[in-house]
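The values are calculated or read from the model by the stated rules, or taken from the named source; none is laboratory data. Everything numeric here is computed off the predicted structure, so don't read it as measured data. Ideal geometry is used to build each Cβ from the backbone, glycine not excepted, and the neighbour counts take in all protein chains shown. These area figures cover heavy atoms from the full protein model, side chains too; ligands, DNA and RNA do not enter into them. Shrake-Rupley method; radii C 1.70, N 1.55, O 1.52, S 1.80 Å.
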Amino acid sequence: MQTVFTLRDVSYGNILFIPSLDIVAGSLFGITGKSGSGKTTLLKLLNNLVNCDRGEVLYYGKNVLVYEPVELRRKVLMIPQAPYIFPGTVLENIRLAFYFNRKEAPPQDEMEEMMSAFEMEGMLNRDTSNLSGGEKQRLALVRVLLLEPETLLLDEPTAALDEDNATTVVTYLARWVRKPGKSVVMISHAGSLVSDYAGTILDLSGGRISSLKERRGANV
Amino acid sequence: MSDLLTIELWRLAASYLFLILLLVMSLLLKLGRGREFFVATVRMTLQLVLAGYILEMVFRQQHVLVTLAILLFMQVFALVTIFGRVKGKIGPRLKRVVSLALFVGTSLPLAYFMLVVIAADPWYEPRFFIPIAGMTVGNSMTGITLGAERLARVFQTTRARIEESLMLGATPQMAVSEFLSDTFNAAIIPTVNSMLGMGIIFIPGMMTGQILAGASPVDAIKYQIVIMMGILGSVAFAVFIIIQLGYRTFFNERAQLINNQD
């Protein structure tokens, strides 16, 4: 089995200490833990948004420091817990994301298709100031999924969603990750939907690995 | 210049009546700032008298090094003023960019000005060089202060947006480009605004001086136009340096947003 991320002797300030961790490629990897347990910092180490003080983080076997940082982040896109939605319309937000990646935006019907997968059909020309918290969170997902990254890092992507929408999102991701070359690392509450779909769940406590459970019966 | 106006000493002294008026008002209104007004007037007087004698000496000497030393003095003084104003708001890396912007941003346009536009002989002719240098440095100082302050504020208030852009695959330049144009505008707008009102709402000080000293208004405006263009050029150039090099001080070589500015 190929590993998408490998961490060796990683420490970051007094926030995170990970002696060894392998995240298997092609799976949905869940991270749980109380706030302040280092979950978000761990995600930021994976796309080199921050550097670890000690140790190394590998992406497909290569140290993240070997990658050109912006190129790495285009392969490994991250959505923070409270995604920032740019002023303007939904369409402009999507186009901006493509501009950031120096890619040509797809035709609008392709965008519409992705929008309707997240129950947001017909909203491309909606001004983002009129979106609800849940709609903003789903727009953030649409924005990155259209970019077709290799790997997704998601910080509580269902936090602002009701149960139905949360299920839509998680089942979509569980399907998406089965496509060749895709991986998802996702922070979530313990006991939430993620536990049903994640292949592996890492529980952090005080910046250290508290448990690492493989879930053979997962829906993935 | 037969009608050149010289002010006799007693008339000069008479102009201080306005200070006395201000002090009386300050007493009546209980502003409690009489001391400040007095100190400001005394400083203005002493500084100008000193400047007058020094300039007279410099004009007579016509030495390139003396002229350049005065430019350097003005630049250093401007830099100290800027650092005083932005104290605690900008980090050491941005301070270095501020220094560079001030020195390069005023020296290059000034050189172009002296060599091409005025084409003085010698090129450092202090009678032209020093007043123009003063205006260039003074105006760039304002632009640089505005630009540096605004840039630092952008990185404080829009951190989430900049970081989100990085997560979405943006280069640092892409993540901040919109703020950079805002910053540029904000920093040069005072200069542009002063051009809009010029000649209608107010007659600029330099032009007033020339007219008072007996020059024809038509000659005076030529100088004023040329000087305004020089000021605009150097402000724009200095602010451009601040912005283009300044934003980079908020990122490290791994295109990461850095926390403390050191």
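Summing +1 for each Lys or Arg and -1 for each Asp or Glu among the other residues whose beta-carbon sits under 12 angstrom from that of B:Val58 gives 0. Legend: mean number of C-beta atoms from other chains within 10 angstrom of residue C-beta atoms, peptide B:155-162, equals 1. Here chain B is treated with +1 on each Lys and Arg Cβ and -1 on each Asp and Glu Cβ, and its dipole about the Cα centre works out to around 800 debye. Give A:Lys75/A:Lys103; A:Lys62/A:Lys103; A:Lys136/A:Lys182; A:Lys34/A:Lys62 a once-over and call out the pairs whose C-alpha atoms are over 22 Å from each other. Listed pairs above 22 Å: A:Lys62/A:Lys103; A:Lys136/A:Lys182; A:Lys34/A:Lys62.
Each Cα pair under 8 Å and six or more residues apart adds its sequence gap; the mean of these over the residue count of chain B is a relative contact order of 28 percent. The dipole here belongs to segment B:1-61: it is taken about the Cα centre, uses +1 on the Cβ of Lys and Arg and -1 on the Cβ of Asp and Glu, and is about 340 debye.
Positive end of the dipole of chain B (Cβ unit charges, origin at the Cα centre): among B:Leu31, B:Leu108, B:Leu48, the Cα lying farthest that way belongs to B:Leu31. All other residues whose Cβ lies under 14 angstrom from that of A:Thr6 are scored, Lys and Arg at +1 and Asp and Glu at -1, for a net of -1. Peptide B:168-178 has a mean shielding of 6, counted as Cβ atoms of other protein chains within 10 Å of each residue's Cβ.
Ordered by 1.4 Å accessible area with all protein chains kept, A:Asp22, A:Asp155 run largest first as A:Asp22, A:Asp155. Listed by chain and number, the lysines whose C-alpha is less than 20 Å from the C-alpha of B:Lys87, apart from same-chain residues fewer than 8 away, are B:Lys95. With all protein chains kept in place, the per residue accessible area of the protein assembly as shown amounts to 51 square angstrom at a probe of 1.4 angstrom. Under 1.5 on a/c is rounded, so check that first for segment B:1-61, then, if it is not, pick prolate when a/b is larger than b/c and oblate when it is not; a ≥ b ≥ c are the square roots of the alpha carbon gyration tensor eigenvalues. Since a/c reaches 1.5 but b/c is at least a/b, the shape of segment B:1-61 is classed as oblate.
Here A:His189 sits with roughly 110 square angstrom of accessible surface, probe radius 1.4 Å.
For A:Arg175, the solvent-accessible surface computed with a 1.4 Å probe is close to 140 Å², ligands and nucleic acids excluded.
Amide H contacts of A:Ser210 (H built 1.01 Å from N, in plane; Pro and chain starts excluded): A:Asp203, A:Leu204, A:Ser205 sit under 5 Å, all sequence-distant by 5 or more or on other chains. Placing unit charges on the Cβ atoms only, positive for Lys and Arg and negative for Asp and Glu, gives chain A a dipole magnitude near 740 debye about its Cα centre. Rounded to whole numbers, the Karplus 3J(HN,Hα) couplings from phi for segment B:111-125 are 4, 4, 4, 5, 7, 9, 6, 7, 6, 6, 10, x, 4, 9, 2 Hz, using 6.51 cos²θ - 1.76 cosθ + 1.60 with θ = phi - 60°, and x at Gly and Pro.
When the surface is traced with a 1.4 Å probe over the full set of protein chains, B:Met44 keeps roughly 100 Å² accessible. Here the Karplus curve 6.51 cos²θ - 1.76 cosθ + 1.60, taken at θ = phi - 60°, turns the phi angles of segment A:50-62 into couplings of 9, 9, 6, 6, 9, x, 9, 10, 10, 10, 6, x, 10 Hz, with x standing for Gly and Pro.
Where does the charge balance sit around A:Lys39 when Lys and Arg score +1, Asp and Glu -1, over other residues with C-beta under 15 Å from its C-beta?
Charge balance in the 15 Å sphere: 0.
Under 5 Å from the amide H of A:Arg215 lie the amide H atoms of A:Thr200, A:Ile201, each residue being 5 or more positions distant or on a separate chain, with H modelled from the backbone and absent for Pro and chain starts. In the protein assembly as shown, the DSSP beta bridges split such that about 55 percent are antiparallel, to the nearest 5.
Note: relative contact order over chain A, using C-alpha pairs below 8 Å and six or more positions apart, is 29 percent. Tell me whether segment A:74-113 comes out rounded, prolate or oblate; compute the Cα gyration tensor, take square roots of the eigenvalues as a ≥ b ≥ c, and use a/c under 1.5 as the rounded threshold. Since a/c reaches 1.5 but b/c is at least a/b, the shape of segment A:74-113 is classed as oblate. Helices in chain A, meaning DSSP H runs of at least 4 residues, each add -39500 (n - 2.57). Divided by all residues, the mean residue ellipticity at 222 nm is -9000 deg cm²/dmol.
Which order do A:Trp176, B:Trp10, B:Trp123 take by accessible area at a 1.4 Å probe, largest first?
Working: A:Trp176 5, B:Trp10 155, B:Trp123 105 Å².
Correct descending sequence by accessible area is B:Trp10, B:Trp123, A:Trp176.
Each residue of segment B:250-257 was assigned a 3J(HN,Hα) from its phi angle through the Karplus expression (A = 6.51, B = -1.76, C = 1.60, θ = phi - 60°), giving 8, 10, 9, 6, 9, 6, 9, 6 Hz with x at Gly and Pro. In terms of its C-alpha gyration tensor, segment A:105-177 has an oblate overall shape, because the principal axis ratio a/c (a ≥ b ≥ c, square roots of the eigenvalues) is not below 1.5 and a/b does not outweigh b/c.
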